[in-house]
Every structure is written in C-alpha cells, then in structure tokens.
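Engineer: The structure under discussion is supplied below as structure tokens; questions concerning it will follow.
Values in this text are rule-based calculations from the coordinates and carry no lab data. Since this is a predicted model, take the numbers as computed values, not measurements. Backbone-built Cβ (ideal geometry, glycine too); neighbour counts: all protein chains shown.
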Amino acid sequence: MSLRVRNIVAADTPAILALNLESEAVLSPMDAARYAHLLAQSAYGRVVDEDGVVVAFLLAFREGADYDSVNYRWFDARYEAFLYVDRVVVAQAHQGRGFGARLYDDLFAFARDAHVSSVTCEFDIDPPNEASRRFHARYGFAEVGTQALPGGKRVSLQRAPG
C-alpha cells in the first residue's frame, strides 16, 4: 500500500468534487467552477493519495484571498496574517484512519515553513460537531469568537498557533 500527502493536481478534480459532494451536509457546496476559483485562491491544497486514489483533501487560504466565505472574512478582518482551513474532507469509507490528522500535520508544517503564526478554522456548535471540537482541541485550537450563519447554524471560530 502506498500512502502519501501531495499537492493537488488537475487530474484530482473529479475525486475532490465527489468527496465534497459526499460531505456536503457539513460543507458548503462546490461545483467545478467554484472549485477552480477556490483552488486558484488557496495557499495550501493537498490530498491524501492511497494507491493512486484521492481519499482526502484540504484547502486553506492566507489573508487577503478573494473568497466570499463569511467565516474566512471574519478572520481576514481581525488577523494580519493567518492560514484559514476552509475544508478538510475524508472519504466516508476511509474515516477513522488518521487521514485528517496527516493533512493537519502537513498543514502545520506548511504554516511553520511560511512563518505564519496563526492557523484558523471554524466548526459547528449549533448543531454541535463534537468530533470536530475534539479533533481541533488536539491541535491547540481555541475559540476566538462565534458567529451565526444563514440557515440557523452557529459556528465556533477557532485559532491555533502556527
């Protein structure tokens, strides 16, 4: 078995769109045009590749990106320099195998190499996403704010030292 974290390449697009769709209940929708825009704006775009199959991906943005996410904009208005985790997705059939942690370990190494002192993200608190809260706590994330979103969701805005 071959397992590696690598940069996103064009051939990964169908797999990434399928993974996003599979988890759309907890993510914002992403069609091909939106994905192309997000990838172009991202500072970090990597996948977990298992035997040539994309089984997970993570997109993250630096400050000043052309991105309309209300959560990203919250951080952009408050932090001079940061790396914002927009979405991390692991195929449902591969969850529980540490692929999210592999991506986060790689992301934090990327932040250190880029001298970015803050890694930011959000997760749902209403309705609660307890698994995400526990996962992020292991990486030193702490709440720096909360925000109500359209549709009634509420999120915890989180920051960890990079």
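Engineer: With n ≥ 4 as the cut-off for DSSP H runs, can you work out [θ] at 222 nm for the chain, using -39500 (n - 2.57) per run divided by the number of residues, rounded to the nearest 500?
Structural biologist: Result for the chain, helices only: -9500 deg cm²/dmol.
Engineer: Using a ≥ b ≥ c from the Cα gyration tensor of the stretch 1-84 (square roots of the eigenvalues), is it rounded, prolate or oblate, where a/c under 1.5 gives rounded and otherwise the larger of a/b and b/c decides, a/b for prolate?
Structural biologist: Prolate, because a/c is 1.5 or more and a/b exceeds b/c.
Engineer: How much net charge surrounds Ala109 when only the other residues with a Cβ under 13 Å from the Cβ of Ala109 are counted, with Lys and Arg +1 and Asp and Glu -1?
Structural biologist: 0
Engineer: Please rank Phe135, Phe61, fewest neighbouring Cβ atoms within 10 Å first, as an exposure proxy.
Structural biologist: Fewest-to-most Cβ neighbours within 10 Å comes out as Phe135, Phe61.
Engineer: In addition: Could you tell me how many degrees, from 0 to 90 and to the nearest 10, lie between the Cα long axis of helix 13-22 and the main elongation axis, the longest principal axis, of the Cα atoms of the chain?
Structural biologist: It is inclined by approximately 60 degrees.
Engineer: If you don't mind, there's one more thing I want to ask. Sorted from fewest to most neighbouring beta carbons within 10 Å, what does the list His136, His94 look like?
Structural biologist: By the 10 Å Cβ count, ascending, the order reads His94, His136.
Engineer: Here's something else I'd like to know. Placing unit charges on C-beta atoms (Lys and Arg positive, Asp and Glu negative, everything else neutral), compute the dipole magnitude of the stretch 1-65 about its Cα centre in debye, rounded to 20.
Structural biologist: 240 debye
Engineer: What is the local net charge at Asn71, summed over the other residues whose Cβ is closer than 9 Å to its Cβ (Lys, Arg +1; Asp, Glu -1)?
Structural biologist: Combined, the nearby Lys, Arg, Asp and Glu give -1.
Engineer: Checking the a/c ratio against 1.5 first, then a/b against b/c, what shape does the Cα gyration tensor give for the chain?
Structural biologist: rounded
Engineer: Now for a different question. Tell me, what ³J(HN,Hα) does each residue in the stretch 153-161 have, in order and in whole Hz, if you take phi through Karplus 6.51 cos²θ - 1.76 cosθ + 1.60 with θ = phi - 60° and put x for Gly and Pro?
Structural biologist: Values, residue by residue: 6, 10, 10, 9, 8, 10, 9, 10, x Hz.
Engineer: Relative to the first principal axis of the alpha-carbon coordinates of the chain, what is the inclination of helix 99-113, with its axis defined by its Cα atoms, in degrees from 0 to 90 and to the nearest 10?
Structural biologist: Helix 99-113 sits roughly 60 degrees off the main axis of the chain.
Engineer: Give the separation of the Cα centroids, the stretch 121-156 to the stretch 32-78, in Å.
Structural biologist: 18 Å
Engineer: Hey, if you put +1 on the Cβ of every Lys and Arg and -1 on every Asp and Glu Cβ in the chain, which of Ala40, Ile125, Gly152 ends up farthest toward the positive end of that dipole?
Structural biologist: The residue sitting most towards the positive pole is Ile125.
Engineer: Amide H to amide H under 5 Å from Ala43: which residues, 5+ apart in sequence or cross-chain, H placed 1.01 Å off N in plane?
Structural biologist: The answer is Ala60, Phe61, Arg62.
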